[in-house]
Amino acid sequence: MNYVSRSIHWLIPEEASPCDIFLYFRGKYVAGIAHTSPISFEFLEKIQKAKYLFIYIKSDDATLWDRWIASRYAAFAGPIDEQKREQQDRSSLKRAEFLSYIQKTIQLKNQNDPILLKAWTSSLESIQTAIKHPLLHWYFQQFHEPPDLFHHSARVMASISLFSSLNDIFDPREVEDILTAALIHELQGDPTDAQNMVASSATLETIEKHKRTAPKQVLELIQKQDELCSGKGFPNNLKAISLPMSVKIFSLFNHYDHYRLRQSGTRRARHEAVKALMEKRKNDFDETLWPLFWQFIEQQVELLS
């Protein structure tokens, strides 16, 4: 049986494998993932630790593999030149890294709570749907550095997704829009300094500069992300009555993570310092979300990074 190599970068957690996948180990092709089985985080971590650059498939499955790639990335259907293949490899690798980081950085405080577990599963599905959208290929190819910025966006996106799922706030379309906005809300700069500038303006300028498209609803969320319920935000000093729920939720989680990045000490000490800072600005945030937010942060999840 002949085998052909394929880049590991095409593998994304939880997707079904299009064919049998093998690893080359000590002169033998060892079965890794069976046809239609999900590509697990454990499998990806295993090949990453072993520093494998390639996985292997049976030569008879090569056409099936290429059709699978073309179907996932419709914009690249047909023959894939080397430059496009390299771009998509990088995009898929960053998606896998992004999902892996979320799994490692957010921990449920009660692993036996069925409601919490169900919401976590649902939120991960929403995140995977959002990041697989073809419109975000450009983000995962280019805008993921520095790592602190990439991780900040991941924490905000994942926290909003789980919080929204737990409280049944949005319909699926609204969830995808707010998660996309959370992912690309800061495309440049240091997240610890972002509150000293109009971050949304920098993001929109970057999108325009690179001629990237985004849904109107996503752009509106980014434009309003710095507005506050008190009317003291920018750029338009909008008050609570003029702000959609998506902006109010985003504001809470984004501010919390920004403040948290500036603190030092243990996780508990950082949390207490951030809570004290936000209490002083309580009027800037939605009063109905305020108790739900702190219940979520203090009783339901633990941020590990």
>> Could you work out the percent of alpha carbon pairs in segment 96-187 separated by over 23 Å, rounded to a whole number?
In response: 20
>> Counting each pair of different Cα atoms once, what's the Kirkwood radius of segment 109-303 in Å, rounded to one decimal?
In response: 17.1
>> Treating only the Cβ of Lys, Arg, Asp and Glu as charged (+1, +1, -1, -1), what charge dipole size does segment 109-303 show about its Cα centre? Round to the nearest 20 debye.
In response: 220
>> Just to verify a number: FRET efficiency for THR129 and LYS275, C-beta to C-beta distance, R0 = 41 Å, to 0.05?
In response: 0.80
>> Between TRP290 and PHE25, what is the label-point separation in nm under the 7 Å Cα-to-beta-carbon projection?
In response: 5.5
> Counting Lys and Arg as +1 and Asp and Glu as -1, what is the net charge of the other residues whose Cβ lies under 15 Å from the Cβ of PHE43?
Replying inline: -2
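Values in this text are rule-based calculations from the coordinates and carry no lab data. Values in this document were obtained by computation on a predicted structure and should not be read as measured data. Counting neighbours? That spans all protein chains shown, and the Cβs are built from the backbone with ideal geometry, glycine included.
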